[in-house]
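Report on the following structure.
The values are calculated or read from the model by the stated rules, or taken from the named source; none is laboratory data. The structure presented is a predicted model; accordingly, all values stated were derived computationally and were not measured. With ligands, DNA and RNA removed, areas are computed over all heavy atoms of the protein, side chains included. Shrake-Rupley method; radii C 1.70, N 1.55, O 1.52, S 1.80 Å.
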Amino acid sequence: MVKGIGNRIYQLRTEKNLTMDMIVADMNKKYDLQLNKSMFSRWEKEITNPSLESAKFLCDYFDVSLDYLIG
């Protein structure tokens with residue numbers, strides 16, 4: 001079974017025991033973004049995919065490569 005980007009985002013978040021609210025607030029502050037919990041939830045559920053720019057911020061935040069994140 002191939003894991004998608006949403007599954008990887010969820011796995012990274014839960015491994016660090018973070019809630020969506022915590023990540024959204026932290027990323028907004030750290031990277032001066034305007035993410036919201038709904039957007040993050042859609043990424044995890046693979047309803048939508050993060051933009052390339054957002055994916056790069058996720059990689060930096062979770063300290064993973066873009067290759068790992070997108071599979």
Query raised in the report: Which residue out of 13, 42 is modelled with pLDDT of 95 or more and either in a loop (DSSP other than H, G, I, E, B) or open to solvent by 50 Å² or more (accessible area, probe 1.4 Å) (or both)?
Result: 42
Report task. Can you tell me which residue among 30, 3 is open to solvent by 40 Å² or more (accessible area, probe 1.4 Å), basic (Lys, Arg) and at pLDDT below 95? Result -> 3
Query raised in the report: Exactly one of (1) at positive phi; (2) within 11 Å of the chain's Cα centre (by Cα) is unmet by residue 23. Its number?
Result: (1)
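Inside segment 16-27, can you point out the residues that are part of a loop (DSSP other than H, G, I, E, B) and open to solvent by less than 90 Å² (accessible area, probe 1.4 Å)?
Those that are part of a loop (DSSP other than H, G, I, E, B) and open to solvent by less than 90 Å² (accessible area, probe 1.4 Å): 18, 19.
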